[in-house]
Ligand code: F6P
């Protein structure tokens, strides 16, 4: 059996660990052969393939990024996508696909599977927002990086008695903000799931200064103030129709300065959270996902996605994840008694 592997969407630490375990198990246990599709669905549409064997995956376990390249190409937006993908797979005698991706990549996989392409999905994203799985790999690494940044920001905030706003990734969900904010001892944690009240944020910041404490505000990039509190001049819609606000961190610092008369600065962590070596947990999870994905292909269990439930890796229908974002549960957010608007 020959399997093609692709990685789609934003990269994240652990992608190479999945590729490695897929290839090693598939080759050594089942005698499968592999090819890589370059740059996600783009490679499938344009017949751009890479050799993928034991030699290619040697030494890649601790490496961030993806040796296959990635893109946000949505094949369903291209004419004749199913035929073109089939042609690529046929040209290389590929029997099945392993698709490693987040919401958008797996959404396309769901549709292509319905149209008869044999594939198995593996969930990834630093955002941890893929429905159907308890955790995605990449998340733990991102939380570690953001936590370390918050630890460092505490000391400089205290030295200058300033508010430091830390903007972390998370367009649709506040998992990174919540986990890193709690782990780093932030004073205010703002997530997209709960529009915040800027007056309350400022009141909280002021009360921290009154007890001689320099506050740390952690905001997910998708956090938004309540209706009417912000002129959304920096609002744009991305290629998937998602509304994106640029610069919530900067906006918060400006508002805090203007309303409290105290100094504030912003640190936008950005892609630092996605780069570099995966944590031990992400290597563990990614490796297990890879092993189980190969087993699913061997069993002919197509149209499924491997998922973590508790400590078990299970297979679920890809359909269960499509169009659903796993957001932070309000009761979990409230559990910490952190500030919310
Ligand atoms: O989906 C992962 C993610 O890192 C989000 O947290 C972030 O909003 C987005 O990707 C950034 O995408 P890009 O690298 O394409 O700008």
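The values are calculated or read from the model by the stated rules, or taken from the named source; none is laboratory data. This structure is a prediction, so every number in the text was calculated from the model and none was measured. For neighbour counting, all protein chains shown are included, and Cβ atoms are generated from backbone atoms with ideal geometry for every residue, glycine included.
Laid out as a table, the results:
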item	result
Test: residue 20 is farther than 19 Å from residue 117 by Cα, touching a helix residue (DSSP H, G or I) at 6+ places or on another chain (Cβ under 8 Å) and assigned to a loop (DSSP other than H, G, I, E, B)	no
Pair list, Cβ < 7 Å and 6+ apart or interchain, from the stretch 164-182 residues that are outside the structural domain of residue 153 (by TED's automatic domain parsing) to residues that are within 11 Å of the ligand (Cβ to nearest atom)	none
Out of 64, 10, 59, sole residue that is part of a loop (DSSP other than H, G, I, E, B) and without any contact (Cβ under 8 Å) to a residue 24 or more places away in the chain	59
Residues of the stretch 120-175 satisfying the condition of being closer than 16 Å to residue 285 by Cβ and within 11 Å of the ligand (Cβ to nearest atom)	124, 125, 126, 127, 128, 129, 130, 136, 138, 139, 142, 175
Residue tally, condition within 15 Å of residue 124 (Cα to Cα) and more than 19 Å from the chain's Cα centre (by Cα), over the stretch 300-312	1
Top-ranked residue in the stretch 316-340 [being in a strand (DSSP E or B) and under 20 Å from the mean Cα position of the chain (by Cα); ranked as nearest to residue 196 (Cα to Cα)]	325
Residue check, residue 125 in the same structural domain as residue 315 (by TED's automatic domain parsing) and under 22 Å from residue 69 (Cα atoms)	yes
Per-region count, the stretch 142-156, residues surrounded by fewer than 21 Cβ atoms within 10 Å (Cβ to Cβ) and more than 19 Å from the chain's Cα centre (by Cα)	5
Any hit, the stretch 191-212, residues being part of a helix (DSSP H, G or I), in contact with a strand residue (DSSP E or B) (Cβ under 6 Å, 6 or more places away or on another chain), under 23 Å from residue 270 (Cβ atoms) and within 16 Å of the ligand (Cβ to nearest atom)	no
Condition check for residue 45: modelled with pLDDT of 95 or more, assigned to a strand (DSSP E or B) and touching a helix residue (DSSP H, G or I) at 6+ places or on another chain (Cβ under 8 Å)	no
Subset of the stretch 259-278 (residues that are over 27 Å from residue 200 (Cβ atoms) and either away from the ligand (no atom under 16 Å from the Cβ) or assigned to a strand (DSSP E or B) (or both))	277
Boolean, residue 65 is surrounded by fewer than 20 Cβ atoms within 10 Å (Cβ to Cβ) and within 16 Å of the ligand (Cβ to nearest atom)	yes
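Let's see how each residue does on (1) in contact with a strand residue (DSSP E or B) (Cβ under 9 Å, 6 or more places away or on another chain); (2) closer than 23 Å to residue 283 by Cα; (3) in the same structural domain as residue 112 (by TED's automatic domain parsing):
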position: 13; (1), (2), (3): yes, yes, yes
position: 22; (1), (2), (3): yes, yes, yes
position: 30; (1), (2), (3): no, yes, yes
position: 67; (1), (2), (3): yes, yes, yes
position: 92; (1), (2), (3): yes, no, yes
